[in-house]
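Working notes for the structure below.
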Amino acid sequence: LVAIIRPGCGDAIVKGKSLTQHYIDRKSGIDPVVYEPDVRLKPILEPTYGILVYQEQAMQIAQLVAGFSLQQADNLRKAIGKKNVELMARVKSEFLQGAKDSGEYTENDAEEIFSWIEKSQKYSFNKSHSISYALNAYQTAYAKHHFSDEFFTSYLRHAKDKQKPFVEVSELVNNAKIMSIDVNPPSIKNMNSRFSYLGDKPTFGLVDIKNVGQSVFDKLYAYIESAGLNIDDMNWEQFLMRCGRHIKSNSFKSMIIAGALDCYKVDRNEMLHHFSIYKELKDNDKVFLEECASKSLVECIAQRVAWVMENQGDGVNRRKKLSLLEGSLSSIKNPPYSLKDSWGWRAKGERDNLGIEVTCYELDEYSFFGANCTCREYYAGFSADIISIAARVDDIREWKIRGGQHKGEVMAFLKISDQTCALDNVTVFSDDWAKIKKNTSIGSFLMLKGERDKKRGSFLIKRIQKLKQCI
């Protein structure tokens with residue numbers, strides 16, 4: 001059952017009370033179970049406490065009241081399931097005529113009974129699917145509660161099969177954060193292809209990085225095995241010289257940006273700089289570096305320069321090669337820009353290549369003095385007269401109010417996030433939205449101040465201020 005407000009069977013249904021709540025209250029004995037206007041509907045509606053829930057019940061009612069054949073009843077099911085307005089209109093005509101021909105129902109009773117069926121198409125499901133979904137939901141909820149780490153590992157592993165894998169990954173990692181479960185970033189030292197349960201945590205695999213396909217992983221894995229390499233014993237420069245020739249350029253770059261090579265304790269910008277120099281070298285130079293990889297990158301290139309000067313005469317090709325190698329040496333020793341990473345740059349790189357930030361967050365670059373709550377603490381029930389959360393605005397949905405004293409005015413629903421998780425039940429009422437809208441945009445970093453909605457639990461924003469960048 002879905003929590004939507006719908007009239008249902010008989011006068012006992014109170015408008016303004018969700019159908020789900022009616023079902024619960026009847027099942028709990030709080031409300032009476034009635035079968036109006038015809039008690040003969042009891043055998044059909046009794047399993048669901050007098051409320052029309054399943055499409056099969058609509059079919060049975062049509063057979064009982066209007067004498068529908070199995071084919072006619074199936075047409076009704078199709079009209080309900082596919083929300084086919086034209087087919088529903090035709091079936092209604094047949095239903096009213098059948099009820100009239102039976103001589104047992106007044107036109108008003110037949111109209112009322114069919115109105116339940118019409119309204120049910122907005123929420124009803126067929127029973128076989130409902131039971132299957134309910135069983136799956138129960139088993140999933142059980143696994144998520146009792147085996148949380150394994151649950152998230154499994155679901156993250158299968159995110160690749162979704163239409164938008166990165167969106168699925170982002171939502172799952174955020175949900176894990178809400179449950180205080182950290183997800184490990186990918187690491188070349190793990191050499192796992194897909195999401196795995198490593199170190200008692202769900203852990204990204206190399207193929208979960210953008211631009212790193214299974215074939216890239218398989219080729220790298222086969223090379224490491226055949227060459228007898230020990231990834232753990234290498235440093236960054238040795239890994240570059242030994243493995244750089246065996247990984248596609250865009251894959252290697254994405255692995256660096258996503259943090260898969262952070263185990264070498266070198267800034268990602270520095271690794272990118274070294275890699276940009278390495279990939280411009282000729283293939284025979286790369287082979288030379290691979291054989292020389294026990295030394296530093298500078299030492300190996302310098303040794304290559306000496307070899308070229310000694311062995312390649314004095315032609316144009318020699319001068320070009322020396323120019324390239326000597327330029328590479330100079331660029332390594334005197335980089336043209338700072339090779340230090342910023343938190344924001346690292347976070348954006350992870351978001352672009354993994355689907356979500358894992359090791360750092362853009363908010364780390366901002367001062368959020370005055371915040372008294374994080375998004376995860378809000379989920380946990382934090383309450384105060386004024387709640388202040390420092391966060392990034394991830395999404396904004398405006399809504400025009402359709403009725404009441406604020407009819408025609410615009411309110412907004414936001415999704416925000418900080419280092420702990422994302423919070424999507426954020427509301428700004430029309431009066432407050434009119435004041436803060438011009439300073440609120442997707443991607444902005446704000447101190448959001450407000451209160452908890454006592455009925456729905458939403459974070460009600462009253463005012464904002466822009467955060468100051470401090471790094």
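The values are calculated or read from the model by the stated rules, or taken from the named source; none is laboratory data. Everything numeric in this text was worked out from a predicted model, so none of it was measured. No Cβ is skipped: glycine too gets one built from the backbone with ideal geometry, and neighbour counts run over all protein chains shown. Remember, those area values only see protein heavy atoms, side chains included, never the ligands or the DNA or RNA. Shrake-Rupley method; radii C 1.70, N 1.55, O 1.52, S 1.80 Å.
Structure notes:
- The helices (runs of 4 or more DSSP H) found wholly in the range 206-319 and carrying at least 2 residues that are more than 21 Å from Asn353 (Cα to Cα) and not aromatic (Phe, Trp, Tyr) occupy 214-227, 236-243, 283-291, 297-311.
Okay, residues lined up against (1) over 34 Å from the mean Cα position of the chain (by Cα); (2) hydroxyl-bearing (Ser, Thr, Tyr); (3) at pLDDT 95 or above:
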position	(1), (2), (3)
Asp232	no, no, no
Asp267	no, no, yes
Asp285	yes, no, no
Gly315	yes, no, no
Pro336	yes, no, no
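- Beta carbons closer than 8 Å, at least 6 apart along the sequence or on distinct chains, pair a first residue in the range 224-240 that is within 15 Å of Val266 (Cα to Cα) with a second that is among the β-branched types (Val, Ile, Thr) for Trp236/Val266; Phe239/Ile188; Phe239/Ile231.
- The range 215-230 - residue that is within 34 Å of the chain's Cα centre (by Cα) and surrounded by fewer than 12 Cβ atoms within 10 Å (Cβ to Cβ) and, of those, nearest to Lys189 (Cα to Cα): Ala222
- Filter result for Val173 (open to solvent by 50 Å² or more (accessible area, probe 1.4 Å), within 30 Å of Asp418 (Cβ to Cβ) and β-branched (Val, Ile, Thr)): no
- Within the range 231-245, tally of residues that are open to solvent by 30 Å² or more (accessible area, probe 1.4 Å) and touching a Leu at 6+ places or on another chain (Cβ under 8 Å): 2
- Enumerated helices (runs of 4 or more DSSP H) restricted to the range 55-130, each holding at least 2 residues that are more than 17 Å from Arg40 (Cα to Cα): 70-81, 85-102, 107-120
- Residues in the range 348-371 that are closer than 21 Å to Val426 by Cβ, open to solvent by less than 60 Å² (accessible area, probe 1.4 Å) and either assigned to a loop (DSSP other than H, G, I, E, B) or in contact with a Cys (Cβ under 9 Å, 6 or more places away or on another chain) (or both): Ile356, Glu357, Tyr361, Tyr366, Gly370, Ala371.
Quick grid of which residues meet (1) over 19 Å from Leu52 (Cβ atoms); (2) under 48 Å from the mean Cα position of the chain (by Cα); (3) modelled with pLDDT under 90:
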| position | (1), (2), (3) |
| --- | --- |
| Gln72 | no, yes, no |
| Asn75 | no, yes, no |
| Gly81 | no, yes, yes |
| Asn84 | no, yes, yes |
| Leu96 | no, yes, no |
| Ala99 | no, no, no |
| Tyr105 | no, no, yes |
| Ser115 | no, yes, yes |
| Glu118 | no, yes, yes |
